[in-house]
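**Q** The structure under discussion is supplied below as structure tokens; questions concerning it will follow.
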Amino acid sequence: MTQGARVTTRPGVHRREVATHCPYCALQCGMVLREATGRIEVAPRDFPTNRGGLCQKGWTAAELLDHPDRLATPLLRDRPGAPLRPASWDEALDRVAAGIRAVQDRHGPDAVAVFGGGGLTNEKAYALGKFARVALRTRHIDYNGRWCMSSAAAAGLRAFGVDRGLPFPLADLGRADTLLLVGANPAETMPPLLRHLADQRARGGQLIVIDPRLTATARQADRHLQPLPGTDLAVANAVLHVALTEGWLDRAYVADRTSGFDEVRRTVAGYWPAEVERLSGVPVADLEATARALATVDRAIILTARGAEQHAKGVDTVSAFINLALALGLPGRPGSGYGCLTGQGNGQGGREHGQKADQLPGYRRIDDPAAREHVARVWGVPADDLPGPGVPAYALLDSLGTAAGPRALLVFGSNPVVSAPRAARVESRLRALDLLVVADFVRSETADLADVVLPVAQWAEEDGTMTNLEGRVLRRRALREPPPGVRTDLAVLAGLAARLHAGALHRAPHRTDPFPTQGPAVSSGGNAAGGHGFPADPRAVFEELRRASAGGPADYAGVTWERVERDEGVFWPCPDPDGPDTPRLFTESFPTPDGRARFHPVTHRPAAEEVCAEYPLHFTTGRVLAHYQSGAQTRRVDALRRAAPEGFVELHPDLADRLGVAGGDEVRVVSRRGELRAPARLSPAIRPDTVFAPFHWPGAARANSVTNDAVDPVSGMPEFKICAVRVEKA
């Protein structure tokens, strides 16, 4: 039985319940699952992040567990173009292993790639990174979290020496006198977070939102700055310009705790508010009021999200807001600081433990010799056998099936046919592969293209850990076993590793690690399969993760499942099982060589694609309340589908009038890369020079058919949030 689960039996009643967490966003709301007489119910619980609240997605999450679209058996194609047919697990895994061997025999180890997801548990993210580097010996692994907060991660690393979305507990939001949200819409993306914003407002705090749309969050704000998409960096520099001009710099903090400020001072001197108003459309009065609201209070917090980060200059944009926070002396103080609102459920933990192209477990760099030696010892392989860095997510997908790129791809927890930028191009690259394997619990749009589809367990059918947006490690608990014919991702990796003989090929002859790597080993065909250094038991994987992360920036060595359950989560870094964890970073110093945070001068530059006569409008994307990510899950839930049944294109009424478009008319949004078709929705909430579409739908309404695949040179983040388009009545 799962630890933390309770079973009640009385005549005619069998009731089981378990305390766990929502399967969706990085808030990881606490919930209770109850199964009684075959029916599963969801109830909120009073956890620090959601404090008894759930959104509509959380309330309906259990409906997917027994959905008729659930995959219950592996599927494979006998030849290209043939339909997918049911197969046994042995046949499917044998086919995958044989395909991997054939591709690597012809083209080398790097001809096989792995693509993971930001919703995978820590254990699965860790095992996936190890599987790629040890079993496949490939450098090609990345994940869809690259499109989540990689720009904020890169900016945080170069400023603070560490990347943790919120370097303080979420409850700090309620203590801030001023809260600035940049490109964030939590009222629709993570509604229970608004309970913390309500605390802030009840204390008399001020909320300021920067967003090109008057979103549900912006409507609650005291001040809404509505810039042209792609000009957030200039806005941040202008706000800092005002603060410096008015003498609001925290001189003692800058002198004692930072370096590099003088160059930033010289850079922002040129960002006169009047010039930035002409560039961005944000009035001078709003720039000045924002600076005053942040600089003249005791506690202020600046938060960025995808609206600021999903740009080809996303790292520099986040750096501009970090510069503002440092100049005002915010990081490290209770109720103050800079943070990023992570999007995906395990977006934080997912990038800490090895499924990112340039990282090893514990947030170690894969090109660091000491990091390679440490992880290689835990894995029982020579450090020289570990491959080097791979390429970021879009570059990886764009190279599939080419002469220089991978010829086979294994996908876990992602649906790039809908979620990738320039999605038609990515779809064509997937079709060009010699072997595409997708592990999922429904036939997503990506699974429909696969040669082999492997049915895997859902969140309520497996144990594990997640790391939420605060860096709090949480316990995900299984309510029940997976249905017959369904295996966990860990069992899939164990079965493949056994067939590829990963242990025999790579395990070093002498181990000095006192902890065994391998969990309970049974037949590689079973659901609890383990062996060859890839246990299917998540507890065994987590124990190995603790050792692999020990001493790294994201140190989980002191995190145990028992401690997580006892303390309502454990904040990393936590190196000692008997020592403290770290809810708040930067209180005394920063984890940089000299202990100081670093300013980075950044300058505004245009979007990768500017408007012109042929494409005169700006296009941007985002989410709606009822749906999540590519929609593969939420589009199958009746209540959510009724709430938001189809995609749409949001237009300002003035723009619609010029185009001769009425509400409900089907329109075409056309870019240099493709087009989408969807009904028009007229709203004064958007700028007249900008159009918006949510990205949850496939087919004709696929927003990412239009988006730009230009990427940030540091983070590899694509420019989802702005490109040039024209709009036509269809």
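**Q** Can you send over the carbon and sulfur percentage of the accessible area for the chain, probe radius 1.4 Å, protein chains only?
**A** Looking at the chain in its full context, I get 50 percent from C and S.
**Q** Hey, what do the phi angles of the range 101-111 turn into as Karplus ³J(HN,Hα) couplings, whole Hz, using 6.51/-1.76/1.60 and θ = phi - 60°, x for Gly and Pro?
**A** With the stated coefficients, the range 101-111 comes to 4, 5, 5, 6, 4, 7, 10, x, x, 6, 6 Hz.
**Q** Enter the accessible area of GLU481 (Å², nearest 10), with the probe set to 1.4 Å and all protein chains included.
**A** In the full protein context, GLU481 sits at about 140 Å².
**Q** Let's test this: bin the Cα-Cα distances of the range 370-429 at 5 Å from zero up to the farthest pair and state each bin's percent.
**A** Bins of 5 Å from zero give 4, 15, 21, 17, 12, 14, 11, 7, 1 percent of pairs.
**Q** For the chain, what's the relative contact order in percent, using C-alpha pairs closer than 8 Å and at least 6 residues apart?
**A** Contact order relative to length: 18 percent.
**Q** Which value, in debye to the nearest 20, gives the size of the charge dipole of the chain about its Cα centre, when Lys and Arg are +1 and Asp and Glu are -1 at the Cβ?
**A** For this selection, approximately 880 debye.
**Q** Only bridges with both residues in the chain count here: give the DSSP antiparallel percent, nearest 5.
**A** DSSP beta bridges in the chain are roughly 50 percent antiparallel.
**Q** Right, next: Per residue of the range 431-446, in order, report the coupling 6.51 cos²θ - 1.76 cosθ + 1.60 (Karplus, θ = phi - 60°) as ³J(HN,Hα) in whole Hz, putting x for Gly and Pro.
**A** 5, 7, 6, 6, 8, 10, 10, 10, 9, 7, 10, 9, 7, 5, 5, 6
**Q** Rounded to the nearest 10 Å², what accessible area does CYS55 show when all protein chains are kept and the probe is 1.4 Å?
**A** 20
**Q** I would also like to ask the following. Could you estimate the translational diffusion coefficient of the chain from the Stokes-Einstein equation, with Rh from the Kirkwood formula over C-alpha pairs, at 20 °C and 1.002 mPa s, in whole µm²/s?
**A** Rounded to a whole number, D works out at 83 µm²/s.
**Q** What accessible surface, in Å², does a 1.4 Å probe find on ASP46, ignoring ligands, DNA and RNA and rounding to the nearest 10?
**A** Only protein atoms counted, so the area is about 120 Å².
**Q** Counting only protein chains, not ligands or nucleic acids, how are HIS501, HIS224 ordered by accessible area (probe 1.4 Å), most first?
**A** If we order HIS501, HIS224 from most to least accessible, we get HIS501, HIS224.
**Q** Could you state the accessible area per residue of the range 632-730 in Å², with a 1.4 Å probe and every protein chain left in place?
**A** 36
**Q** Along the positive direction of the dipole of the range 590-667 (beta-carbon charges: Lys, Arg +1; Asp, Glu -1; about the Cα centre), which of VAL649, PRO616, ALA597 reaches farthest?
**A** ALA597
**Q** Using only alpha carbon pairs under 8 Å that are at least six residues apart, calculate the relative contact order of the range 77-203 and give it in whole percent.
**A** 15
**Q** Got the relative contact order for the range 609-730 handy, in percent, Cα pairs under 8 Å and 6 or more residues apart?
**A** Contact order relative to length: 38 percent.
**Q** Using mean Cβ contacts within 10 Å as the protection proxy, how do 361-370, 246-255, 402-411, 70-79 order, highest first?
**A** 402-411, 361-370, 70-79, 246-255
**Q** If DNA, RNA and ligands are ignored and the probe is 1.4 Å, what is the ranking of LYS313, LYS729 by accessible area, most exposed first?
**A** Greatest to least solvent exposure: LYS729, LYS313.
**Q** Let me make sure I get this right: for the range 252-330, a, b and c are the square roots of the gyration tensor eigenvalues over alpha carbons, sorted descending. Under 1.5 in a/c it's rounded, otherwise prolate if a/b > b/c, else oblate. Which is it?
**A** Rounded.
**Q** Which residues' amide hydrogens lie under 5 Å from the amide hydrogen of GLY329, considering only partners 5 or more residues apart or on another chain, with H built in the peptide plane?
**A** Long-range HN contacts for GLY329: ASP250.
**Q** Quick one: which of 93-101, 206-214 comes out on top by average Cβ neighbours within 10 Å, and what's the full order, highest first?
**A** Packing proxy ranking, top to bottom: 206-214, 93-101.
**Q** Given axes a ≥ b ≥ c from the Cα gyration tensor, I'd like to know whether the range 296-433 is rounded (a/c under 1.5), prolate (a/b larger than b/c) or oblate.
**A** In terms of gyration-tensor shape, oblate.
**Q** What is the distance in Å between the Cα centroid of the range 449-500 and that of the range 691-705?
**A** Going from one Cα centre to the other spans 29 Å.
**Q** Next up: Net charge around HIS627, counting only other residues with Cβ within less than 10 Å of its Cβ (Lys, Arg = +1; Asp, Glu = -1)?
**A** Surrounding charge for HIS627 is +3.
**Q** While we're on this one: Quick one: what do you get for the range 561-686 if you divide its Cα Rg by 2.2 N^0.38 Å?
**A** Ratio of Cα Rg to 2.2 N^0.38 Å: 1.74.
**Q** For the chain, build the charge dipole from Cβ charges (+1 Lys, Arg; -1 Asp, Glu) around the Cα centre, then report which of ASN708, GLY390, VAL438 sits farthest towards its positive end.
**A** VAL438
**Q** Going through the range 121-179, which chymotrypsin sites (Phe, Trp or Tyr not before Pro) have at most 13 other Cβ atoms within 10 Å and a DSSP loop state?
**A** The qualifying sites: there are none.
**Q** Continuing with the same structure: Rolling a 1.4 angstrom probe over the protein heavy atoms, how many square angstrom per residue are accessible across the range 10-86?
**A** Spelled out: the 1.4 Å probe surface of the range 10-86, per residue, equals 44 Å².
**Q** Is the range 575-645 rounded, prolate or oblate when judged by the Cα gyration tensor, a ≥ b ≥ c being the square roots of its eigenvalues, rounded requiring a/c under 1.5 and prolate requiring a/b larger than b/c?
**A** It is oblate, given that a/c is not under 1.5 and a/b is not larger than b/c.
**Q** Now for a separate question. How do ARG203, ARG223 stack up against each other in accessible area, from largest to smallest, with a 1.4 angstrom probe?
**A** ARG203, ARG223
**Q** Return the whole-Å distance between the Cα centroid of the range 218-262 and the Cα centroid of the range 304-335.
**A** So the two Cα centres are separated by 9 Å.
**Q** Once the convex hull of the C-alpha atoms of the range 64-210 is built, how many Å³ does it hold per residue, rounded to a whole number?
**A** Once divided by residue count, the hull of the range 64-210 is 200 Å³.
**Q** Right, something else. Out of all Cα-Cα pairs in the range 164-229, roughly what percent, to the nearest whole number, are more than 16 Å apart?
**A** Value for the range 164-229: 43 percent of Cα pairs lie more than 16 Å apart.
**Q** Kindly write out, for the range 27-40 in residue order, the coupling ³J(HN,Hα) from the Karplus curve 6.51 cos²θ - 1.76 cosθ + 1.60 (θ = phi - 60°), rounded to whole Hz, with x marking Gly and Pro.
**A** 5, 6, 4, x, 8, 10, 9, 10, 10, 9, 6, x, 10, 9
**Q** How many Å² of accessible area per residue for the range 195-292, probe 1.4 Å?
**A** Accessible area per residue, the range 195-292: 42 Å².
**Q** If one computes the Cα centroid of the range 364-443 and of the range 122-197, what distance in Å separates the two points?
**A** Comparing the Cα centres of the range 364-443 and the range 122-197, I get a distance of 20 Å.
The values are calculated or read from the model by the stated rules, or taken from the named source; none is laboratory data. In this text, all values refer to a predicted model and were calculated from it rather than measured experimentally. No Cβ is skipped: glycine too gets one built from the backbone with ideal geometry, and neighbour counts run over all protein chains shown. Side chains included, ligands, DNA and RNA excluded: accessible areas come from the protein's heavy atoms. Shrake-Rupley method; radii C 1.70, N 1.55, O 1.52, S 1.80 Å.
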